[in-house]
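Single-structure report; data block below.
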Amino acid sequence: MKKSLMENVTPIAWNERIHFECHHCGACCRHVKDSVPLESLDVYRIARFLQSQNKSFDSIEHLLSLYAEPIPIHECGYFIYTLKTVGADDACIFLKDNRCTIQAAKPRACRTYPLVAEPDDASSFQYYLSMEKNHHFTGRKFKARDWMNQYFTQEDRAFVNADISAVSEIAQLLRQIPETHKRRALFCFLLYKYTDFDLDQPFQEQYERNNRELIASLEAMIS
């Protein structure tokens, strides 16, 4: 990725207070090429939202083809999706008239801004404050704890912990895949990580099942 969520951030204590106010300027939604990750849970939520707004929207594959770009993050083939951008200022594809058109389902990276949550070694989280857009740090004061309790839900936490705990094993398996099976392995990665979800069913159980299926499929290609 050209730009990391962990650039221009500083650690923040759970009970620390900061000033923050959204000015509806759209600044944090511009110049974001390759920098707004779409996690599996983000993709699921956005697809459900778009389906609720437009009944002709029919699949996660539709979402990914129209609004997302795959970005390789390791030579083994592990990749993530990021939101597409448009225009000379590389604005988020969902930004219109300085408003987010998927506000109710926007990605975790956007929802928790200006805070960033990263898992630590104890299955809990360290929080960071993004200092990239300093003009936002005015207005009302809030505790980091209250902000994250509102925008970083229990569903988010369960997903992030499960996702991070599986990364090393999946990456290790991808590194061992014979070249003859590489395309099939990446198809399985796409299927189980992003697209094989029933939008009418809860996410987490499907996600954990998919992780097991992905690992079993990769192991079968190696043996």
| field | With all protein chains modelled, accessible area of Ile215 [1.4 Å, Å²] | value | 30
| Please state the relative contact order of region 1-138 as a whole percent: Cα pairs under 8 Å, 6+ residues apart? | 37
| So for the pair Glu69, Phe142, with labels modelled 7 Å out along Cα→Cβ, what separation do we get in nm? | 3.0
| request: Note down the nm distance, to one decimal, between modelled labels 7 Å out along Cα→Cβ at Val86 and at Tyr151. | output: 2.4
| Per-residue accessible area for Ser52 at 1.4 Å probe radius, Å² rounded to 10? | 70
| query | Which of the aspartates and glutamates could a cross-linker span from Lys33 if the Cα-Cα distance has to be under 16 Å and same-chain partners fewer than 8 positions apart are dropped? | reply | Glu7, Glu69, Asp89, Asp90, Glu132
| task | Would you list which lysines come within 20 Å of Lys55, measuring only between C-alpha atoms, while excluding same-chain residues fewer than 8 positions from it? | result | Lys106
| field | Coordinate range along principal axes, alpha carbons of region 68-223, Å, largest first | value | 59, 41, 33
| field | region 96-119 versus region 136-215: alpha-carbon centroid distance in Å | value | 17
| In terms of the ratio Rg/(2.2 N^0.38 Å) built on C-alpha atoms, what value belongs to region 1-98? | 1.25
| Can you give the helix-only mean residue ellipticity at 222 nm for the chain, where every DSSP H stretch with n ≥ 4 adds -39500 (n - 2.57) and the sum goes over all residues, rounded to the nearest 500 deg cm²/dmol? | -12000 deg cm²/dmol
| task | With a point put 7 Å past each Cα toward its Cβ, work out how far Arg212 is from His23 in nm, to one decimal. | result | 5.1
| query | What are the aspartates and glutamates whose alpha-carbon lies under 15 Å from the alpha-carbon of Lys143, with same-chain residues fewer than 8 places away excluded? | reply | Glu16, Glu21
| note | So, over other residues within a Cβ distance under 10 Å of Leu95, counting Lys, Arg +1 and Asp, Glu -1, the net charge is +1
| message | Run the numbers for Asn54 and His181: contour at 0.36 nm per residue of separation, minus the present Cα-Cα distance, in nm. | response | 42.0 nm
| said: Let me test this: with uniform point scatterers at the alpha carbons of region 139-183, what is the Debye-based log₁₀ I(q)/I(0) at q = 0.19, 0.21, 0.26 1/Å? | reply: -0.71, -0.77, -0.90
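The values are calculated or read from the model by the stated rules, or taken from the named source; none is laboratory data. Quick caveat, the model's predicted, so the values are computed rather than measured. Methodologically, a virtual Cβ is constructed for each residue, glycine included, from the backbone with ideal geometry; neighbour enumeration extends over all protein chains shown. The area values use the complete protein model at the heavy-atom level, side chains included, leaving out ligands, DNA and RNA. Shrake-Rupley method; radii C 1.70, N 1.55, O 1.52, S 1.80 Å.
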